[in-house]
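Have a look at the structure below, then the notes.
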Amino acid sequence: IHPHERAAAQTIWVSLDAAVAEGDAGPDSIADVVCYEEMSKQVSAIVAEGHIDLVETLADRIADALLRDSRIRQVRVQVEKPEAIERAQSVGIAIERLQTG
């Protein structure tokens, strides 16, 4: 972790893919839909808590938060830093987590 990475906010991109359990309400039921806006708000709240040294830690926290929704069975979280390396469009990581229990 470079000192300048702690000194100023960095741009990040977060991408989410969620595998969702099918509900009993039938097709096109709003009750079975996981709200992407709510997922986005959860990510924003985690980021707003303050600096996190590692993108891996950020991705883990996001995955843990999203998997608290019992409808989400699996989540893939990708965190990228588009300004980290001059000659790269972005660098980052992706993790996948399964709901346990």
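Data overview
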read-out	value
Pairs with Cβ under 7 Å, 6+ apart, first in segment 50-63 and within 15 Å of S15 (Cα to Cα), second open to solvent by 10 Å² or more (accessible area, probe 1.4 Å) and assigned to a loop (DSSP other than H, G, I, E, B)	L58/I52
Single residue of segment 43-65 satisfying the filter (more than 19 Å from S90 (Cβ to Cβ) and of a type in the set (G, A, S)) that is surrounded by the most Cβ atoms within 10 Å (Cβ to Cβ)	A63
Number of positions in segment 68-79 that are modelled with pLDDT under 95, touching a strand residue (DSSP E or B) at 6+ places or on another chain (Cβ under 9 Å) and of a type outside the set (V, I, T)	3
Members of segment 66-98 found to be buried (at least 17 other Cβ atoms within 10 Å of the Cβ) and under 22 Å from V34 (Cα atoms), listed by number	L66, L67, D69, I72, V75, V77, Q78, V79, R97
Elements of type helices (runs of 4 or more DSSP H) in segment 1-67, at least 1 residues being at pLDDT 85 or above	36-48, 55-66
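The values are calculated or read from the model by the stated rules, or taken from the named source; none is laboratory data. Just so you know, these numbers come straight off a predicted model, no measurement behind them. Backbone-built Cβ (ideal geometry, glycine too); neighbour counts: all protein chains shown. Quick note on the areas: whole protein, heavy atoms, side chains included, nothing else; ligands and nucleic acids left out. Shrake-Rupley method; radii C 1.70, N 1.55, O 1.52, S 1.80 Å.
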